[in-house]
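Asks: A single structure is presented below for examination.
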Amino acid sequence: MDYQAKLDDALASVKEEGRYRVFADIKRHRGDFPRATFHTPQGPREIIVWCSNDYLGMGQHPAVIDAMHRVIDEVGAGSGGTRNISGTTRYHVELEEELADLHQKEASLLFTSGYAANDATLSTLARVFNDCVIISDEMNHASMIEGIKRGGGPKRLWRHNDLGHLEILLKQLDPAQPKIVAFESVYSMDGDIAPIGAICDLAKKYGAMTYLDEVHAVGLYGPRGGGIAERDGVLDKVDIIEGTLAKGFGVMGGYIAGSSVLIDVLRSYAPGFIFSTSLAPVLVAGVLASIRHLKTSNVERDVHQERARTLRSMMADAGLPVMMCESHIVPVFVGDPVICKQVSDDLLSDHGIYVQPINYPTVPRGTERLRFTPCPVHTDDMMRDLVKALDQVWTRRNIARAA
């Protein structure tokens, strides 16, 4: 076996398709986000970040930073082990209590990331329930897909947000067979939102559990930041909620919220939880401060929604092919991986604007796009500069505009 040749071929294939990814070496400016320094071989450059998942800028919030400074001085850097072996601190216990309260569930469980939470939970439940059919929305995140695959049980795909198709699939299954309907609230690439209550009602009608991924909604929606399910008043209808601590809450980690028995099973059976070193207390303390702040403050959420509406309107007025949706995601359609990368490079090199191209496998081939995530700290002037830059690049590259 020529291992080097195989590796070279794998990379060549990605590059030929125009979806080879390059990391942008950036350093955010504390207290001055979305400004950052972009490090290049030619030297550092000042840029504006337009694609951060720190949606509310909570990674820069004084309460979060102060909490992290205080805790690292009190207990040091790392957690010291897995949750079973010295890695459960008072901060972990308090955060799990806060998360359970946020979603009105009996308990919650922390993971090192949202990916790990989805992967470990879905794969573990598939094995525990034995012959459990997982019915997955076709647009679900890669972490959910991977967890379903690793569970090794039967699975079905239902057309995105199509309640009629979901009911057809549920009707086909044996009423006695265990089943889970898995879906997201806000779909991060198109920005559309699932009809959570209606999905849960259908699942209950056919004896299925519901598994809701709220990673792009927690902190951002609902009177206390509990996500779309809280906003829509249907938290009680959802059996299992998964979320992240790295987006709306601005730090790092993931979690599951549900019944105390469910959480105890995951704690006892999920390898991805059992054998992982727990989150560092300094991170947990930062998340605690962020959640407690957002449970009582709607200022960040209100400004965030206004910023997204304003940017979407400005882009549409300029004739740019912005994809309309009701969430905070502002995607601009390109439809070609090579051109998408060129546009991203032009914006960064010529205008100091950083937005990452979104190509396959994150989105289907032919639907490549730029995904903008305006934060409360993006100003009107920044938006005008962005739209002007996009207009110039679109014209220079002769890219199709909105119909």
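The values are calculated or read from the model by the stated rules, or taken from the named source; none is laboratory data. Just so it is clear, the structure is predicted and the values come from calculations on it, not from any experiment. For neighbour counting, all protein chains shown are included, and Cβ atoms are generated from backbone atoms with ideal geometry for every residue, glycine included. What goes into the accessible areas is simple: the full protein's heavy atoms, side chains included, and nothing from ligands, DNA or RNA. Shrake-Rupley method; radii C 1.70, N 1.55, O 1.52, S 1.80 Å.
Asks: Does the stretch 169-301 come out rounded, prolate or oblate by the C-alpha gyration tensor, with a ≥ b ≥ c the root eigenvalues, rounded set by a/c under 1.5 and, if not, prolate when a/b is larger than b/c and oblate if not?
Replies: Since a/c reaches 1.5 but b/c is at least a/b, the shape of the stretch 169-301 is classed as oblate.
Asks: Further question: Largest first, please: the extent of the C-alpha atoms of the chain along each principal axis, to the nearest Å.
Replies: Principal extents (Cα only, largest first): 60, 55, 55 Å.
Asks: Counting alpha carbon pairs within less than 8 Å and at least 6 residues apart, what relative contact order, in whole percent, applies to the chain?
Replies: Value for the chain: 21 percent.
Asks: Using the Karplus equation 6.51 cos²θ - 1.76 cosθ + 1.60 (θ = phi - 60°), what ³J(HN,Hα) coupling, rounded to whole Hz, does each residue of the stretch 238-252 give in order, writing x for Gly and Pro?
Replies: Here the 3J(HN,Hα) series is 8, 7, 10, 10, 10, x, 10, 10, 9, 10, x, 8, x, 10, 6 Hz.
Asks: If one computes the Cα centroid of the stretch 124-181 and of the stretch 184-254, what distance in Å separates the two points?
Replies: For the stretch 124-181 versus the stretch 184-254, the Cα centre distance is 17 Å.
Asks: Oh, and also: Run the helix sum for the chain: -39,500 (n - 2.57) per DSSP H stretch of 4+ residues, divided by residue count, reported at 222 nm to the nearest 500 deg cm²/dmol.
Replies: So the calculated ellipticity at 222 nm is -13500 deg cm²/dmol.
Asks: Using θ = phi - 60° and the Karplus relation 6.51 cos²θ - 1.76 cosθ + 1.60, list the HN-Hα couplings for the stretch 365-377 in order, rounded to whole Hz, with x at every Gly or Pro.
Replies: Values, residue by residue: 4, x, 10, 4, 7, 9, 10, 9, 10, x, 10, x, 8 Hz.
Asks: Any idea what angle helix 62-75 forms with the longest principal axis of the chain, computed on alpha-carbon atoms, 0 to 90 degrees, nearest 10?
Replies: Helix 62-75 sits at roughly 60 degrees to that axis.
Asks: What is the sum of charges, Lys and Arg at +1 and Asp and Glu at -1, for the other residues whose Cβ falls under 9 Å from the Cβ of residue 226?
Replies: Value of the local net charge: +1.
Asks: Ignoring ligands, DNA and RNA, what percent of the accessible area of the chain is carbon or sulfur (1.4 Å)? Write down the numbers at each step before the final one.
Replies: Details: 9300 of 17470 Å².
Ligands and nucleic acids excluded, carbon and sulfur give 53 percent.
Asks: Whole-Hz ³J(HN,Hα) for each residue in the stretch 178-195, computed from phi via Karplus 6.51 cos²θ - 1.76 cosθ + 1.60 with θ = phi - 60°, x for glycine and proline: what do you get?
Replies: Values per residue, Gly and Pro as x: x, 8, 10, 9, 10, 7, 10, 8, 9, 8, 6, 9, 9, x, 7, 10, 7, x Hz.
Asks: Give me, ordered by chain and number, the residues 5 or more places off residue 133 or on other chains with an amide H under 5 Å from its own placed amide H.
Replies: So residue 133 has HN proximity to 179, 180.
Asks: For a 19 Å ceiling on Cα separation, which of these pairs sit above it: 149/247; 105/237; 179/247; 247/388; 149/204?
Replies: Flagged as over cut-off: 149/247; 179/247; 247/388; 149/204.
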